[in-house]
Amino acid sequence: QVQLIESGGGLVQAGGSLRLSCAASGRAFSNYAMGWFRQVPGKEREFLAVISWSGSSTYYGDSVKGRFTISIDNAKNTVYLQMNSLKPEDTAVYYCAADRDGLGIHQYEYDYWGQGTQVTVSS
């Protein structure tokens, strides 16, 4: 059974940092890309970043480019999202996901999803 379990969310002040983790288990992910999305109530899920399992390729959404960094630890089957210079508008539920076919930027391209972790940025 595939599981993606996010952790690291919480409450932080504007300008602060958080690091999210996503632990993957239940299958071999070596052919998968791993992505991060976020969602606020009433809006569609927003693409943030994606990384190949090797870590050699990354791609970022415009809203987080330069502030967020995606990385991967293959030995731990864990993907990270380092979030710096956080803003109140970054408040959302953050999801990690696995894409079998490549570096997808749309949620429909992803095959597996975590349950999400809440990030709240206070002003």
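The values are calculated or read from the model by the stated rules, or taken from the named source; none is laboratory data. Please read all numbers here as calculations on a predicted model, not as lab measurements. Neighbour counts run over all protein chains shown; Cβ positions are idealised from the backbone, glycine included. For the accessible areas, the whole protein counts, side chains as well, though only heavy atoms, and no ligand, DNA or RNA atoms are used. Shrake-Rupley method; radii C 1.70, N 1.55, O 1.52, S 1.80 Å.
The residue pairs whose first member lies in segment 95-123 and is under 19 Å from MET83 (Cα atoms), whose second member is open to solvent by 20 Å² or more (accessible area, probe 1.4 Å) and acidic (Asp, Glu), and whose beta carbons are closer than 9 Å, counting only pairs six or more residues apart or on different chains, are ALA97/GLU109; ALA97/ASP111; VAL121/GLU89.
Matching residues to (1) farther than 13 Å from TRP113 by Cβ; (2) under 15 Å from the mean Cα position of the chain (by Cα); (3) β-branched (Val, Ile, Thr):
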residue	(1), (2), (3)
GLU6	no, yes, no
LEU11	yes, no, no
SER17	yes, yes, no
ARG45	no, yes, no
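Determine whether segment 41-52 contains at least one residue that is in contact with a helix residue (DSSP H, G or I) (Cβ under 7 Å, 6 or more places away or on another chain) and farther than 11 Å from LEU103 by Cβ. The answer is yes; a qualifying residue exists. Among the numbered conditions (1) hydrophobic (A, V, I, L, M, F, W, C); (2) touching a residue at least 40 places away in the same chain (Cβ under 8 Å); (3) open to solvent by less than 40 Å² (accessible area, probe 1.4 Å), the only one that ILE72 does not meet is (2). Annotation note: of SER71, SER57, the sole residue that is among the small types (Gly, Ala, Ser) and more than 23 Å from GLY26 (Cα to Cα) is SER57. Taken as a whole, the condition of being touching a residue at least 24 places away in the same chain (Cβ under 8 Å), surrounded by 15 or more Cβ atoms within 10 Å (Cβ to Cβ) and either more than 26 Å from VAL12 (Cβ to Cβ) or aromatic (Phe, Trp, Tyr) (or both) applies to TYR80. Just so you know, in segment 74-123 the residues that are touching a Ser or Thr at 6+ places or on another chain (Cβ under 9 Å) and part of a loop (DSSP other than H, G, I, E, B) include one that is farthest from LYS43 (Cα to Cα), and it is ASN77. With the condition kept exactly as written, say whether any residue in segment 66-73 is in a strand (DSSP E or B), closer than 16 Å to GLN107 by Cβ, modelled with pLDDT of 95 or more and acidic (Asp, Glu). The answer is no, given that none of the residues of segment 66-73 is in a strand (DSSP E or B), closer than 16 Å to GLN107 by Cβ, modelled with pLDDT of 95 or more and acidic (Asp, Glu). Residues that are of a type in the set (Val, Ile, Thr), more than 12 Å from the chain's Cα centre (by Cα) and open to solvent by 40 Å² or more (accessible area, probe 1.4 Å) within segment 92-123 comprise just one, THR120.
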